[in-house]
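Reading through the structure tokens given below for one structure.
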Amino acid sequence: MVKTIAVCVAFLCQLLGYSLFLSQPEDKCSPAPSLASWIFLLSTICFLSDFDLYPERFMHMANFWQVIIEIVASIFLAEIGTVIIWCGLERLIYALVVELLWLVGIGDCLRWLFEYSILGVVTTALSVAIFWYIIRATDNIYYMKKYWNKIIWSCYHFANLLRCYWRIGTKARARALRAYKIASKRRRRRKNEFACEDEDDDGYGDCVGNEGEDKCD
């Protein structure tokens, strides 16, 4: 839970353009489309969500310190990934594309169009490759499949319950509701009996059963 909060705070800071440790460049890193940078930011967030930022030897400290340290570390690593790593890659690709266009000898009128198109294709392909690597290297794809299968399974059972409920008649619906209420009461009764037995084993006072009889010595 703490890691999720820290990662979400770091993602919001980058999404809104706030920096605490590294200053954002005044101009864009390159004329490339912003899609590749968003994909790389998503890759950084996926990596941080699978990375243990808080040392185990500090687990004896209060949870307040864990929240603060993980939030600060997540923001710092996210800024390193976006400002230093990705911005440096974009500038390198931009310089190579400009040199390539000069060597080819494309005129000034078409140079901007070719430059923008090549940068968009190369940076997007690179960011998608990084995102695919992060997803495959971490357990995020497993958790995504697990949660998706759980959602599909729950929706399937809910649809079956609704279909069965509307197929039966009014009297059958009333009987089903009464049976559900009786089953719920029995489950609560069993929980109370188990709690009574646990208290008896631990030596905490007397417990009274559902019939008003003393069931604990």
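Read-outs throughout are calculated quantities, based only on the coordinates presented, and are distinct from any laboratory measurement. Just so it is clear, the structure is predicted and the values come from calculations on it, not from any experiment. FYI the Cβ positions are ideal-geometry reconstructions off the backbone, even for glycines, and counts take in every protein chain you see.
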To the nearest 20 Debye, how big is the dipole of segment 2-140 about its Cα centre, given +1 on the beta carbon of each Lys and Arg and -1 on that of each Asp and Glu? 100
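Please give me the summed charge of the neighbours of Leu53: other residues whose Cβ is under 13 Å from its Cβ, Lys and Arg +1, Asp and Glu -1. Don't skip to the answer; put the middle values down first.
Numbers: positive: Lys3; negative: Asp50, Asp52, Glu56, Glu70.
That sum, taken over residues with Cβ under 13 Å, equals -3.
Between their Cα atoms, which of Lys150/Lys181; Lys3/Lys181; Lys3/Lys146; Lys3/Lys145 are more than 29 Å away from each other?
Working: Lys150/Lys181 26 Å; Lys3/Lys181 40 Å; Lys3/Lys146 19 Å; Lys3/Lys145 20 Å.
With Cα atoms farther than 29 Å apart: Lys3/Lys181.
Work out the FRET efficiency for Ile5 and Tyr143 from their Cβ-Cβ distance, taking R0 = 30 Å, and round it to the nearest 0.05.
Numbers: r = 17 Å, r/R0 = 0.57.
With a Förster radius of 30 Å, E is 0.95.
Give me Phe11, Phe114 ranked fewest to most by other Cβ atoms within 10 Å of their Cβ, as a rough exposure proxy.
Details: Phe11 19, Phe114 15.
Result, fewest neighbours first: Phe114, Phe11.
Quick one: net charge around Ala73, please, counting Lys, Arg +1 and Asp, Glu -1 for every other residue with C-beta under 12 Å from its C-beta. Intermediate values should be presented prior to the final figure.
Details: positive: Lys3; negative: Asp52, Glu70, Glu79.
Local net charge: -2.
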A correct Karplus calculation of ³J(HN,Hα) over segment 131-139, with 6.51 cos²θ - 1.76 cosθ + 1.60, θ = phi - 60°, whole Hz and x for Gly and Pro, returns 4, 5, 5, 5, 5, 6, 7, 9, 9
